[in-house]
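Novice: Sharing a structure, written as structure tokens. Questions coming.
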Amino acid sequence: MSVLDKLKAIQESALEDIKVIKSMHELNDVKAKYLGKKGVFSDVMKLMKDLPNEERPSFGKMTNETKQVILKYIEEQRTLIERVKVEEQLSKETIDVTLPGKRMSSGNRHLLTQVVEELEDLFIGMGYEIMEGPEVETDEYNFEKLNLPKDHPARDMQDTFYITEDTLLRTHTSPVQIRTMLEVGGTEPIKILCPGKVYRRDDDDATHSHQFMQIEGLVVDETTSMADLKGTLLEVANKMFGEGRDIRLRPSYFPFTEPSVEVDISCHNCNGKGCNICKGTGWIEVLGAGIVNNNVLEASGYDSTKYRGFAFGIGVERMAMLKYGINDIRQFYTNDLRFNKQFKK
Ligand code: PHE
């Protein structure tokens, strides 16, 4: 067999070998078999020494060309294998867009947060500033400066968690109003809304909770009047219980306001006709309010001959219970998701 024929035969057998290869691993083996250090061509090169000198260059050239052709086959096969692999993968990974999707469940804000934010929006719209303060308070701010001196019988109305003799868990958010008045120093009008948690030593049941939320408001100005208070509370009634609500004020007593009133809203359920929610009266008691007692203004640095104020206190849970027909205050604190999710907006 001539050298030329031999190279041709190698080339053909390489092509046969390469064409059927399906994996990179096999391809590398075949590449080693033909082109590797101990491969077929190392034997071919041995033939060189038997050739006459003048034939050696053309033999070398032909050998190299054959090697190049085989290398080309290998590279073509490599491309082919890679393409097949990609296609296989693509066909395996096709997405069936007709399959039903997975429902993502999202949380929602707690009902109390929603009610607080609704009221904050309303009052911000009326020019109020939102103020917050500490839940651990001094007796002085929670009671003394609110016209509830030690041994005042009305302290019993707000049975208190004491931490020391002079510090306690605030029983209302009124101390935030004291703090604000003291900060302003009796020189400027005030218009604030104070939302927050408050604490009282109550036995928990359907209508009592040792922790609950309040929103109190305070306006201090030179011309503040009961008429302003009434107009403001009518806004609250319409915002919380729908347009067309009416309110009525009944005389009451709070140490920090004089005169003091209980505020009733015409029943949103029966429109004032009388039902089980309003116990047949057509009215629902929702909050306490009044004209700030002069002693309170003076204790916080305001000249009571010049300034007057009104204040009101809303129980957030009670408001929400009336609005949404919730009959147990503990629902707000037991975090039953079935309850919470009903108020998803
Ligand atoms: N601070 C009162 C309470 O917690 C509520 C209130 C505020 C009443 C302002 C009247 C005026 O009971």
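The values are calculated or read from the model by the stated rules, or taken from the named source; none is laboratory data. Computed from a prediction, not measured in an experiment: that's the story for all the values here. Positions of Cβ are generated from backbone atoms using ideal geometry, with glycine treated the same way; all protein chains shown enter the neighbour counts. Protein only, heavy atoms only, side chains kept; ligands, DNA and RNA dropped before computing areas. Shrake-Rupley method; radii C 1.70, N 1.55, O 1.52, S 1.80 Å.
Novice: Does Arg179 satisfy being open to solvent by 70 Å² or more (accessible area, probe 1.4 Å), part of a helix (DSSP H, G or I), more than 13 Å from the ligand (Cβ to nearest atom) and over 20 Å from Glu258 (Cβ atoms)? Working first, answer last.
Specialist: Values: open to solvent by 70 Å² or more (accessible area, probe 1.4 Å): yes; part of a helix (DSSP H, G or I): yes; more than 13 Å from the ligand (Cβ to nearest atom): yes; over 20 Å from Glu258 (Cβ atoms): yes.
Criteria met by Arg179.
Novice: In region 104-119, which residue that is among the hydrophobic types (A, V, I, L, M, F, W, C) and in a helix (DSSP H, G or I) is surrounded by the fewest Cβ atoms within 10 Å (Cβ to Cβ)? Reasoning before the result, please.
Specialist: As a first pass, look at region 104-119 and keep what is among the hydrophobic types (A, V, I, L, M, F, W, C): 104, 111-112, 115-116, 119.
Among the residues that remain, those that are also in a helix (DSSP H, G or I) are: 111-112, 115-116, 119.
Details: Leu111: 22, Leu112: 19, Val115: 23, Val116: 23, Leu119: 21.
Looking at the filtered set, the residue picked out is Leu112.
Novice: Considering only residues of region 145-174 that are within 14 Å of the ligand (Cβ to nearest atom) and over 16 Å from Phe212 (Cα atoms), which is surrounded by the fewest Cβ atoms within 10 Å (Cβ to Cβ)? Lay out the reasoning, then the answer.
Specialist: Here is the first cut: in region 145-174, the ones within 14 Å of the ligand (Cβ to nearest atom) are 145-148, 152, 154-160, 168-174.
Going one step further and asking which of them are over 16 Å from Phe212 (Cα atoms), we end up with 145-148, 152, 154-156.
Values: Lys145: 24, Leu146: 27, Asn147: 20, Leu148: 22, His152: 14, Ala154: 15, Arg155: 17, Asp156: 8.
Per the criteria, the residue is Asp156.
Novice: Within region 241-345, considering only strands (runs of 3 or more DSSP E) that don't extend past its boundaries, which have at least 3 residues that are within 16 Å of the ligand (Cβ to nearest atom) and buried (at least 21 other Cβ atoms within 10 Å of the Cβ)? Steps first, answer last, please.
Specialist: Numbers: elements: 247-254, 257-266, 283-292, 308-315.
Output list reads 257-266, 283-292, 308-315.
Novice: Now, a different point. When Ser91 is evaluated against the numbered criteria (1) open to solvent by less than 60 Å² (accessible area, probe 1.4 Å); (2) among the small types (Gly, Ala, Ser); (3) farther than 27 Å from Glu16 by Cβ, which criterion, by number, is the only one it fails?
Specialist: (1)
Novice: Among the candidates Ile130, Ile192, Ile124, which residue alone is among the hydrophobic types (A, V, I, L, M, F, W, C), within 14 Å of the ligand (Cβ to nearest atom) and surrounded by 12 or more Cβ atoms within 10 Å (Cβ to Cβ)?
Specialist: Numbers: Ile130 fails: within 14 Å of the ligand (Cβ to nearest atom); Ile124 fails: within 14 Å of the ligand (Cβ to nearest atom).
When all the criteria are applied, what remains is Ile192.
Novice: I'm told Val116 meets every condition in (1) in contact with a strand residue (DSSP E or B) (Cβ under 6 Å, 6 or more places away or on another chain); (2) farther than 25 Å from Glu183 by Cβ except one. Can you identify the failing condition by its number?
Specialist: (2)
Novice: Does region 76-83 contain at least one residue that is among the aliphatic types (A, V, I, L, M), touching a Gly at 6+ places or on another chain (Cβ under 9 Å) and in a helix (DSSP H, G or I)?
Specialist: No; the residues of region 76-83 include none that is among the aliphatic types (A, V, I, L, M), touching a Gly at 6+ places or on another chain (Cβ under 9 Å) and in a helix (DSSP H, G or I).
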